[in-house]
Amino acid sequence: MNFCDFLRDNIVCFDGGTGTLLQEKGLAPGELPELWNITHADIITGIHKAYFDAGSNVVCTNTFGANTLKFSDGQLDKIINAAIENAKSAAKESKADGEKFIALDIGPSGKLLKPLGDLDFEDAVSVYAKTVKLGVKYGADLILIETMNDSYETKAALLAAKENSDLPVIVSNAYGEDGKLLTGAEPQAMVALLEGMGVTALGANCSAGPGQLSPIIEEILNIASVPVILKPNAGLPKSVGGKTVYDVTPDDFASEISALIKKGVRIAGGCCGTTPEYIKALKKEIEKLSPVHIEKKSITMVSSYAKTVKFSSEPILIGERINPTGKKRFKEALKANDINYILREGIGQKEKGAHILDVNVGLPEIDEVLTLKNAVSALQAVVDLPLQIDTSNISAMESALRIYNGKALINSVNGKKESTASVFPLVKKYGGAVVALTLDESGIPETASGRVKIAKKILAEAEKYGIDKKDIIFDTLALTVSADKDAAKVTLEAAKIIKEELGCNTSLGISNVSFGLPSREAVNSLFFALALENGLTAAIINPYSAEMMKTYYTYRALKGLDENFEEYIAAAENFGDVKGQVLQDGKDVSNLKEAVIKGLSGESGGYTKELIKTMSPLDIVNKEIIPALNKVGEDFEAKRVYLPQLLMSAEAAKAAFEVIKTAVADTQSHKTKETFIIATVKGDIHDIGKNIVKLLLENYGFNVVDLGKDVLPQVIVEKTIELHAPFVGLSALMTTTVEAMEETIRLLRKSAPWCKIVVGGAVLTKDYAEKIGADKYAKDAMEAVRFAQSEKGRKCKNII
Amino acid sequence: MTFIKAYSAPELSRKEILRYAGCKSETDLPEGFLEACLNEALPVFSYKVCYSVFDMKVKDDECDFSAFKVKSKDLAKNLGSAKNAVVFAATVGVGIDRLISKYGEISPSKAVTIAAIGAERIESLCNTFCEDIKREYKTELKPRFSPGYGDLSLSVQKDIFSVLNCQKHIGLTLVDSMLMSPTKSVTAIAGFTEKPQGNTKKCEICENKNCLYKGDI
């Protein structure tokens, strides 16, 4: 019998821990247990046999840390071969009844993925792929990916398993005492991600005893449509007189798991501290029970690295601002590869109340595949909202979905054969909920029934790919009402039918409806309200629009979705006029110069908006902003103000520059500015210092090209040559990374001898900087600015 | 055997945060600014430590912890005649790194202040943990010593990580360059001793003559 057939009708008993047993047999602290497959094959086989004898249906190979980060390719091959052989021998030797399977055990790589750590996502996939291929080669029956405490690494491992085998894959995560993974994912988010990618079973292991894990397991059982696994510890380890003791006995362990099997757990075993004795007690309980039917849940959800958004009666707001259509300033930012602009839009929309962020970077002049991937990477590092990947470029869609840390919303598919044939395979492989537009080869039907017919066609097509209708969200297309008086009516009618008759969720891009009309906000907000009343589940809107947000909060309050009107009342404080918000800091400053000196970004932007009506941008910069920055810079150097204040002023200046840039988006060009390349060197993942220098340099008129952190010397050199950059700034925090700085400087001297190199960072000194060949050691950000200015001044006066 | 301890928020010192942020006093910041940063940062911390206590001996400049050996004159001097030492890894979690990187892009003044909060939190966690060990093992501890201090090579990180299995126990990982991720983390060795250590003024052993805080710490 194969594993999936067995799982269908049985409660599966896994094995227990091996670490504790190996330590008893003499495994030293720090020794790699995987090597024991070869050096102590008898002991490993003995442990597996003891578990089969105790009643385990599945034993996991002793390969928790068997990967190419720890072993060479040749060693890894031998280890996995031996590990599976040991398990096979144990299965043969054990006289116990029942089915016996061997799971290739895969644990965390020991590294944190970028951008938090230094392991690239694709490198992680490759590392796991090697282990998976060997597991398949030597005959494992299934794969267990376990004790994963990061959602992103879990995804990398699962992707590797799916791409390199047809074996059943079970994924089990290690949740902390706060009920989340170490990198923030709640159980629901893991269910969304893993089910989306087609996992065989999922659940939790390690961390704590069955009692402490039960709330997590119950949360998973409530929403999962696949079998659930539970492999807890024998409680928590305690040191009693120098010996390690776990606080849950085998009988208590078995009875606590038994209670959860009755609630639906289908696969059970043990982790740290459990022994064959625990599994024997557990098996005794399992034999008394029959498996609980696994109900298919029809919950539509998308997730980020941390959070889940469920489509239900609560209206969902999808922020539309990350989209260059009609936005000159955004287009400029995209062309300049200014990902920070996108980040600011993302963070801002979240603060205004968006639940999901649409991400569209489609612009003919740029490489959309790369830009979309970079934008998604940057956003998911700092914003915990799920993203809507919005592109018609299938390669861009795939590369973004691949590196997305969660289950994405995808925008979009439509009724055309070509569209379903290219988008649905991606949805199936990477998971995701997809927005389906009700149009096809013959265009957009004029009637509601025509659009519903296309919806049905799309559902039938999705079924062929094994995509459930809960993951299809229909957009019945809001068309311009000024061109067709019935346009809005038809859209709403179609949405209503789809919701009621097909039982599917719906989404609409609201603002199209008012195109060409005056007072568009009035039309949009009422259309939004009508759509919600017709059952709309999600809307793509501008969260900065006060009218839309008023409609949202009011609708929820009127529909009984807002207990005691609490959220309405809180939001109503901001319903007031926009002017009040600009001067929200309320400090008594009377002009731009003061606002910058005092570090008030809101005021600084506000005054600039006023000034730009009567003053040239150049005058604003030279007569207001620069003198203010100089004053703060001098005060900082004289230790009259400290770093946070210096930065607040720099941020206030940046807010002023942002207003100016928006106002002159089509005339401003970066070409007139001196380029300053900046990076944190290879091996170093700290970037505060670098970001500070960047902010100040930008304020002083440099075109700063930020290559990020942990940057290879070659990348810095190539960019310097490509831009013929006159300045390069390098940052390093630790002695170990200073070596990478030295290497970078050496390569720069060889290939880009014209550039001036400024270095800084905690361990650097003036002497050391000279020794490694830098032109300048800057003890702080102001010194870097002063140096660049003086060099620039020497070369060419009056550039600013 | 490696043990794990999870803590609720250890005692908070605003003075230390201000020092890490490069300020002299709270009046150097706009009113309410530190408070706002604290409100945002404090909920993201998760305080964890994993540790082992080893029998040990020092011979010349070699410190032998049975599970691993380290050559370092300065550590040997620090440990002196200790017979046992606690080797530990502590972290306040990855949430603070996300927050720092979020504000690194949109508001470096907040990033600097939040990073300072992170630095204060991890130090405070280490202090709390060491007090716990003193109580549990009925001992005093030598000042804790971390890889990178004096002549103790950063490569000792590899030994500590492999002995404590930091990734599995507290989610702490080592970057190729021996930096740690999450970044607000500490690994250290502290020898057991019978003599109370008192409060050595850190300024007395620090060589930086131009420090804003000379004599304060």
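Read-outs: derived from the displayed coordinates by stated rules, not from any lab. This structure is a prediction, so every number in the text was calculated from the model and none was measured. So basically every Cβ, Gly included, is an ideal-geometry build from the backbone, and we count neighbours across all protein chains shown.
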Subject >> Pairwise label distance in nanometres, A:ARG786 with B:ASN127, each label 7 Å out on the Cα-Cβ vector >> reply: 3.5 nm
**OP:** Take A:TRP36, A:TRP754 and order them by how many other Cβ atoms sit within 10 Å, fewest up front.
**Re:** A:TRP754, A:TRP36
Original post:
When N is the residue count of region B:3-205, what does its C-alpha Rg come to as a fraction of 2.2 N^0.38 Å?
Top reply: 1.06
Subject >> Sequence-distant lysines (8 or more away, or on other chains) whose Cα lies within less than 28 Å of A:LYS95 >> reply: A:LYS25, A:LYS49, A:LYS78, A:LYS137, A:LYS231, A:LYS280, A:LYS283, A:LYS284, A:LYS288
Original post:
With r defined as the distance between the Cβ atoms of B:MET1 and A:SER313 and R0 fixed at 45 Å, what FRET efficiency is calculated, to the nearest 0.05?
Top reply: 0.30
Subject >> Using θ = phi - 60° and Karplus 6.51 cos²θ - 1.76 cosθ + 1.60, couplings along region A:56-63 (whole Hz; Gly, Pro as x) >> reply: 5, 8, 10, 10, 9, 5, 7, 10
**OP:** Set the Förster distance to 51 Å, then compute FRET efficiency between A:LYS137 and A:LYS238 from the Cβ-Cβ distance, nearest 0.05.
**Re:** 0.75
Original post:
If you project the alpha carbons of region A:300-478 onto the principal axes, what extent comes out on each, in Å, largest first?
Top reply: 43, 34, 29
Original post:
Looking at region A:458-574, what % of the alpha carbon pairs are farther apart than 26 Å?
Top reply: 27 percent
Original post:
Got a sec? Charge dipole of region A:26-163, +1 on Cβ for Lys and Arg, -1 for Asp and Glu; which of A:PRO33, A:LEU69, A:PHE52 is way out at the positive end?
Top reply: A:PHE52
Original post:
Just counting partner chain Cβ atoms within 10 Å, what average do the residues of peptide B:48-60 show around their Cβ?
Top reply: 1
Original post:
Within a Cβ distance under 11 Å of B:LYS102, other residues only, what is the Lys/Arg minus Asp/Glu net charge?
Top reply: 0
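Can you tally the net charge around A:HIS293? Count Lys and Arg as +1, Asp and Glu as -1, for every other residue whose Cβ sits under 15 Å from the Cβ of A:HIS293.
Every neighbour counted, the sum reads +4.
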**OP:** Would you compute the Debye intensity of region A:171-277 from its alpha-carbon atoms alone, equal scatterers and no solvent, and pass along log10 I(q)/I(0) at q = 0.14, 0.15 Å⁻¹ to two decimals?
**Re:** -0.52, -0.59
Original post:
Projected onto the charge dipole of chain A (+1 at Lys/Arg Cβ, -1 at Asp/Glu Cβ, origin at the Cα centre), which of A:GLY107, A:TYR544, A:GLY176 gives the Cα projection farthest towards the positive end?
Top reply: A:TYR544
Original post:
Given labels modelled 7 Å from the Cα in the Cβ direction, how far is it in nm from A:ARG640 to B:GLU35?
Top reply: 2.8 nm
Original post:
About its Cα centre, how strong a charge dipole does region A:300-478 have in debye, to the nearest 20, once Lys and Arg get +1 and Asp and Glu get -1 at the Cβ?
Top reply: 240 debye
Subject >> Built amide H within the under 5 Å cut-off of A:ASN62, gap 5+ >> reply: none
Subject >> Full-stretch length increase - A:THR325, A:LYS297 - with 0.36 nm per residue and alpha-carbon distance subtracted >> reply: 6.3 nm
Subject >> Packing rank of A:442-449, A:538-545, where each peptide gets the mean count of other beta carbons within 10 Å, highest leading >> reply: A:538-545, A:442-449
Original post:
Residue-wise, which Karplus ³J(HN,Hα) couplings in Hz belong to region A:275-292, taking 6.51 cos²θ - 1.76 cosθ + 1.60, θ = phi - 60°, and x for glycine or proline?
Top reply: 9, x, 4, 5, 5, 4, 5, 5, 4, 4, 5, 4, 5, 7, 10, 10, x, 7
Original post:
Rule-of-thumb check for region A:249-353: C-alpha Rg over 2.2 N^0.38 Å?
Top reply: 1.94
**OP:** Using the Cα centre as the reference, give the magnitude of the dipole from point charges on the C-beta atoms of region B:3-205 (Lys, Arg: +1; Asp, Glu: -1; all else neutral), rounded to the nearest 20 debye.
**Re:** 380 debye
**OP:** Sketch the reach of a paramagnetic label on A:GLU501 as a point 7 Å from Cα along Cα-to-Cβ, and name the residues of region A:432-462 whose backbone nitrogen lies under 12 Å away.
**Re:** A:448-457
Original post:
Taking the Cα atoms of region A:3-288 alone, what are Rg (to one decimal) and Dmax (as a whole number) in Å?
Top reply: 17.3, 50
**OP:** Using 0.36 nm per residue of separation minus the Cα-Cα distance, give me the extension gain between A:ILE394 and A:TYR768 in nm, one decimal.
**Re:** 129.7 nm
Original post:
About its Cα centre, how strong a charge dipole does chain A have in debye, to the nearest 20, once Lys and Arg get +1 and Asp and Glu get -1 at the Cβ?
Top reply: 1380 debye
**OP:** List A:CYS60, A:CYS206 from most exposed to least, where exposure is judged by having the fewest other Cβ atoms within 10 Å.
**Re:** A:CYS206, A:CYS60
Original post:
Can you list the HN-Hα couplings for region B:142-155, worked out from phi with the Karplus curve (6.51, -1.76, 1.60; θ = phi - 60°), rounded to whole Hz and with x for Gly and Pro?
Top reply: 5, x, 5, 10, 10, x, x, 6, x, 9, 6, 5, 5, 5
**OP:** Quick one: order B:GLU31, A:GLU603, A:GLU624 by neighbouring beta-carbon count within 10 Å, fewest to most.
**Re:** B:GLU31, A:GLU624, A:GLU603
Original post:
In percent, how large is the relative contact order of chain A, given Cα pairs closer than 8 Å and 6 or more residues apart?
Top reply: 7 percent
Subject >> Scattering curve values for region A:582-662, log₁₀ I(q)/I(0), Debye with Cα scatterers, q = 0.27 Å⁻¹ >> reply: -1.28
Original post:
If you count the DSSP beta bridges with both ends in chain A, what percent of them are antiparallel, to the nearest 5?
Top reply: 10 percent
Original post:
Can you give me the relative contact order of region A:53-173 as a percent, contacts being Cα pairs under 8 Å and 6 or more apart?
Top reply: 28 percent
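What FRET efficiency would be calculated for the residue pair A:SER590, A:ASP77, taking the C-beta separation as r and a Förster radius of 51 Å, to the nearest 0.05?
Values: r = 74 Å, r/R0 = 1.45.
The computed FRET efficiency comes out at 0.10.
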**OP:** Measure off 7 Å from each Cα along the Cα-to-Cβ vector at A:ASN630 and A:SER290, then give the distance between these two points in nanometres to one decimal.
**Re:** 8.8 nm
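What translational diffusion coefficient, in µm²/s and rounded to a whole number, does the Stokes-Einstein relation yield for chain A at 20 °C and a viscosity of 1.002 mPa s, taking the hydrodynamic radius as the Kirkwood radius over Cα pairs?
72 µm²/s
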